[in-house]
Each structure stands twice: as C-alpha cells, then as structure tokens.
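**Student:** Attaching a single structure in structure tokens format; questions to follow.
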Amino acid sequence: MRILLVEDERKLSGIIKRSLKEVNYAVDLADNGDEALFIAESHPYDLIILDIMLPGKDGITVCRNLRKNKNDTPILMLTARDDEEDKITGLDSGADDYITKPFSYPEFLARVRALLRRKSTGKSSRLKLADLELDQLTRKAYRAGKEIDLTPKEYSLLEYLMNNVGEVITRTMISEHVWDGDFEAFSNVINVYVNYLKKKIDHGHTKQLIHSLRGVGYILKDE
C-alpha cells in the first residue's frame, strides 16, 4: 500500500511517516498544496493523508481539485482545530474522513486501515495464483496449503507482486512501492530479497511462479 502524506510540520510528518512505515506502508511526502496536487496526479496512491493548513493551496482546495479531476483516492483530512465547520467543509470538499490534531496513533492507524479496507470493498482480501495464496487481512501466505514464513519486507514484496500478476515489475518500481526509496540505494537489496522470496515460494515445487527477466525485472505468473 502506498500513501501520500501532505503535512508541512516536519517533526509531525516525520513521526507520522515512521508510524506508517513500521506497519509496512510505503510513504511519500509533500509539504505544500501545489506539490501535493502535482504528486497525486502523477502517481497512483492507495490513500492520501492531507493537512488542512498548508502553504500555497490549502488542504480543502487540494481536495476539491483532486475530486474535480476525478481522482477518487481515499483522503484522510488532518485538522488542528476541533471545529465542526472545518470538519463539515472538509467532508463536503470530498474528504472521506478526518482526525483532529493532536491524535493518538492507534486511532490514526485504525482510521488508515478503515479507509484502505473501504477502498478495496468488493475485492477479495485473499489473492491467489495457482496454489499460492496471500491473505491480506491476516498477512499470511500459503503454497499448496502450507503456510510460508515471511518477514514483513518479504510479505510486502509478495503482496506487490500478487497485486500485479502477469505484469513486468522493474527494480525501480519495487524500490518505490516496497522500499519507499531511491532505486540506486536499494538495487542490491532488492535482488537479495527477491531471491529470498523465490526460495520460500518456489523451492520444492515443480511449477515456478516468480521469474527473473535479465536486465528488466521480475514477473509473477503461472507458467
């Protein structure tokens, strides 16, 4: 899951980003409304966390512009004021939920999970390819009915591949969606983790599901 966090208070944005990364979300940052609009329109996100008080375009304007441009990404609005009018304005502008600062992080993360679940309504939480299954609610994977022991990063990598079955996934794409960072910094690490995952997913099975494309990237497919 990839989240865009729009918050101009650096200390707070740093804390929020760490709390999200601890539960394996990839997070991009923007600190003003104009940058937020550009990034949100340039890349697909599963959720946007949007502060109301921002330099340049405020959060309400950003939200309205996104909805006007047919961007239906769920939006969680952050407001520093416990003002009913602010909340109503935020929801009327197209936000899906709001939370007032300061907030407890367990409640914040619960709201994030709720919005992400709402986005996937109608979709099964269980991803399948041949005899490989991934349960996104329990965060467990199975091959031929046997549970696979995955680290959090291996799980995130497998989830990304299973959400893009049959598509060529480059190392750059993995670095952006799974490692939340610059490709050059993680290129060797990505190779290592894909090999870890291959051993856990394909070792001992006649049918191989994770395939390497030399010089290109990887693809998850049923041969």
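Values quoted throughout were computed directly from the atomic coordinates according to the rules given, and no laboratory measurement underlies them. Predicted model, so just to flag it, every value in this text is computed and none were measured. Cβ coordinates were reconstructed from backbone atoms using ideal geometry, including for glycine residues, and neighbour counts include every protein chain displayed.
**Student:** Return the lysines within reach of K11: Cα separation strictly under 27 angstrom, same-chain partners fewer than 8 residues apart disregarded; answer none if there are no such residues.
**Tutor:** Answer for K11, where 27 Å is the Cα cut-off: K21, K57, K87, K101, K153, listed by chain and number.
**Student:** In whole percent, what relative contact order does the chain give with Cα contacts below 8 Å and a gap of six or more residues?
**Tutor:** Over the chain, the number comes to 14 percent.
**Student:** Now a separate question. Nearest 5 is fine: what % of DSSP beta bridges in the chain come out antiparallel, could you say?
**Tutor:** Of those bridges, close to 50 percent are antiparallel.
**Student:** Sorted by mean Cβ packing within 10 Å, highest first, what order do the peptides 159-167, 103-111, 147-155 take?
**Tutor:** Top to bottom by mean Cβ count within 10 Å: 159-167, 147-155, 103-111.
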